[in-house]
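Report on the following structure.
The values are calculated or read from the model by the stated rules, or taken from the named source; none is laboratory data. For clarity, every value in this text was computed on a predicted model and none was experimentally measured. Cβ coordinates were reconstructed from backbone atoms using ideal geometry, including for glycine residues, and neighbour counts include every protein chain displayed. With ligands, DNA and RNA removed, areas are computed over all heavy atoms of the protein, side chains included. Shrake-Rupley method; radii C 1.70, N 1.55, O 1.52, S 1.80 Å.
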Amino acid sequence: MSRQLCELETVLQQMIVEHRRLLAHVEKHEAAMKSFDLKAMDDAARLQETSRQRIAVLEQRRRLLALELAKGMSVQELTIRKIAELNPGRSDVLLRLGAELK
């Protein structure tokens, strides 16, 4: 298995964790809004922004890895499904990660 493929799996896992974290922050923000807790609202908003920034960085890494994999496989457009098809040994993991991220 190539280094890029391992790294892509890691990035996808990190994105899933970060999206879950963002959802938790949004829920805290909603609870703070319902109770009119301004400090908690500010804290939750700050945490949401931090999560959004981390997701943006991870998305950038994911795109770069996909480009590297596409070049190595001589393919124009590369999706998780296509990567899974080209790497049958890791297809279950990749498809599960892709579905979970959606």
Taking every alpha carbon pair in the chain and sorting the distances into 10 angstrom bins from 0 up to the bin holding the longest one, the percent per bin comes out as 15, 38, 22, 15, 8, 1
According to a simple spin-label model (label point 7 Å from Cα along Cα-to-Cβ), what is the distance in nm between residue 85 and residue 73?
-> 0.9 nm
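With a 1.4 Å probe and every protein chain left in place, work out the accessible area per residue of the range 1-88 in Å², rounded to a whole number. Could you put the intermediate results ahead of the total?
Details: 6010 Å² over 88 residues.
Each residue of the range 1-88 exposes 68 Å² on average to a 1.4 Å probe.
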Proximal charge balance of residue 43 [Cβ under 10 Å; K/R count +1, D/E count -1] | +1
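Could you sort 71-82, 50-61 so that the peptide with the highest average Cβ count within 10 Å comes first and the rest follow in order? Intermediate values should be presented prior to the final figure.
Values: 71-82: 12.1, 50-61: 14.5.
For the peptides 71-82, 50-61, the packing ranking is 50-61, 71-82.
Could the peptides 12-22, 28-38 be put in order, highest first, of the mean number of other beta-carbon atoms found within 10 Å of their residues? If you can, show how the numbers build up before the last one.
Numbers: 12-22: 16.4, 28-38: 13.0.
Final packing ranking: 12-22, 28-38.
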Report the local net charge at residue 70: Lys and Arg +1, Asp and Glu -1, summed over other residues whose C-beta lies under 14 Å from its C-beta.
-> +2
Determine which residues of the range 58-102 fall in the zone a paramagnetic label at residue 21 would reach in this model, i.e. backbone nitrogen under 13 Å from the point 7 Å along Cα→Cβ.
-> 58-59
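Which net charge results when you count Lys and Arg as +1 and Asp and Glu as -1 among the other residues whose beta-carbon is under 11 Å from that of residue 18? Please list the in-between numbers first.
Working: positive: 20, 21, 52, 54; negative: 59.
Net of charged neighbours comes to +3.
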Where in the range 15-34 does the label zone of residue 102 land, with the point 7 angstrom along Cα→C-beta and an amide N cut-off under 18 Å?
-> 15-17, 19-20
Whole-percent carbon and sulfur contribution to the accessible surface of the chain (1.4 Å, no ligands, DNA or RNA) stands at 55 percent
